[in-house]
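Colleague: Take a look at the following structure, please.
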Amino acid sequence: MGLHVKEFMDKEGITDNIIPVTYDLSKPSVYVKWLRLLAENDFGEIKQYWIVKPVHRAGGKGISIINTTDRFVKEFFDDNYEEFEKTSKLKDHLVQHYIHNPFLLYGRKFDFRVYMLISSFEPAQAWYFRGYLRVNVKEFDFSDISDTYAHICNLAVNKKHEDYDELDSKKYFSELEEFLQANNIVDAKNYVDEVLEPELIRRMSILYEAHHKIFNEKENHPGHFFFAGVDFIMDENLNPYLIEVTTGPGFSNEKCDKFGYLDPMMDGLFNIMFETRKRKASGESIIGIDTDVNTTGWKLIPRYPAK
């Protein structure tokens, strides 16, 4: 999805750096372009660390971080398209610039898991739901990029560590607010509610707008909807970056109930979907659902730019 976001931003003249530089290595021409840039060291000030993600796997499987040295370039570089399938060790992978300076919560790296619902494709209507923070088991140490428990914020990865504690690896947004206030990091008294969350929603509006046409062509049926987990990471300057969109995010009743968000999230989702389906079937406008229905925490994502 990141590639479509970048294309949309370039087209619209959006200069916000909301997504790390990403390359789809399943395409031979993109793979070769990326390796040539590495060989020429043509990324400016971007450090040569990349997170590698398999395209068709989930649960943190196959994710690693690489340091693109000259040895790496020589080992993997091959611009012969006919030999690509036989020589590429990274085919069917994405590489994404690794955020090397993440904001740390008590010395540990974390990311945000929030949720996105597209309840209607035409007319377009999308929603945001606050999730939780996914905190690594081990403290962040950039000198050892091979330590997945310090660098990969996926819960499926971290739960394999002997010290994993779900209540310690999942945090409320309010706990981040307390940390920011206690350490005098922000001026706003309600930073999460007034600054951070509106910015996440704004960035999700760009994400949706970049994919609106694709969604509309594939899913435009009155009863269709799209539900996904959306992950952000924040750097030391409090800039959030969109790093991944997960269709069919995994959760169970037992785990999610500890944080009290699963029931309201599902209640609101069904309330929104039933009302949307009813209105579209009768030819009514879907405008106003956010005020007419109990959305139980779901917030409407405005179109970008405002339509």
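Colleague: Going by the conditions given, is residue 113 open to solvent by 30 Å² or more (accessible area, probe 1.4 Å), among the basic types (Lys, Arg) and modelled with pLDDT of 90 or more?
Modeller: So residue 113 does not fit the description; no.
Colleague: Going through the stretch 29-53 one residue at a time, which ones are at pLDDT 75 or above and of a type in the set (S, T, N, Q)?
Modeller: 29
Colleague: With the structure loaded, tell me whether residue 64 is at pLDDT 80 or above, in contact with a strand residue (DSSP E or B) (Cβ under 8 Å, 6 or more places away or on another chain) and surrounded by 15 or more Cβ atoms within 10 Å (Cβ to Cβ) or whether it fails that test.
Modeller: yes
Colleague: Condition test on residue 208, is it aromatic (Phe, Trp, Tyr), over 24 Å from residue 293 (Cα atoms) and modelled with pLDDT of 75 or more?
Modeller: no
Colleague: Tell me, yes or no, whether the stretch 241-256 has at least one residue that is assigned to a helix (DSSP H, G or I), buried (at least 17 other Cβ atoms within 10 Å of the Cβ) and modelled with pLDDT of 95 or more.
Modeller: no
Colleague: Evaluate the stretch 78-95: report whether one residue or more is open to solvent by less than 50 Å² (accessible area, probe 1.4 Å), at pLDDT below 85, closer than 30 Å to residue 268 by Cβ and out of contact with any Gly (no Cβ under 6 Å at 6 or more places or on another chain).
Modeller: No, there is no match, as no residue in the stretch 78-95 is open to solvent by less than 50 Å² (accessible area, probe 1.4 Å), at pLDDT below 85, closer than 30 Å to residue 268 by Cβ and out of contact with any Gly (no Cβ under 6 Å at 6 or more places or on another chain).
Colleague: Identify the single condition in (1) within 14 Å of the chain's Cα centre (by Cα); (2) within 30 Å of residue 280 (Cβ to Cβ); (3) modelled with pLDDT under 90 that residue 222 does not satisfy, given that it satisfies every other one.
Modeller: The one condition residue 222 does not meet is (1).
Colleague: Next up: Taking the stretch 134-159 only, how many residues are crowded, with 17+ Cβ neighbours inside 10 Å, among the polar types (S, T, N, Q) and not in a helix (DSSP H, G or I)?
Modeller: Residues in the stretch 134-159 being crowded, with 17+ Cβ neighbours inside 10 Å, among the polar types (S, T, N, Q) and not in a helix (DSSP H, G or I): 2 in total.
Okay, residues lined up against (1) assigned to a helix (DSSP H, G or I); (2) open to solvent by less than 30 Å² (accessible area, probe 1.4 Å):
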| residue | (1), (2) |
| --- | --- |
| 161 | no, no |
| 164 | no, no |
| 176 | yes, yes |
| 181 | yes, no |
| 188 | no, yes |
| 193 | yes, no |
| 197 | yes, yes |
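Colleague: Out of the stretch 1-19, which residues are modelled with pLDDT under 75 and open to solvent by less than 50 Å² (accessible area, probe 1.4 Å)?
Modeller: Of everything in the stretch 1-19, just one residue is modelled with pLDDT under 75 and open to solvent by less than 50 Å² (accessible area, probe 1.4 Å), namely 2.
The values are calculated or read from the model by the stated rules, or taken from the named source; none is laboratory data. Computed from a predicted structure; not experimentally measured. In this analysis, Cβ positions are derived from the backbone assuming ideal geometry, glycine residues included, and neighbour counts consider all displayed protein chains. Just the protein is used for accessible areas: all its heavy atoms, side chains included, with ligands, DNA and RNA removed. Shrake-Rupley method; radii C 1.70, N 1.55, O 1.52, S 1.80 Å.
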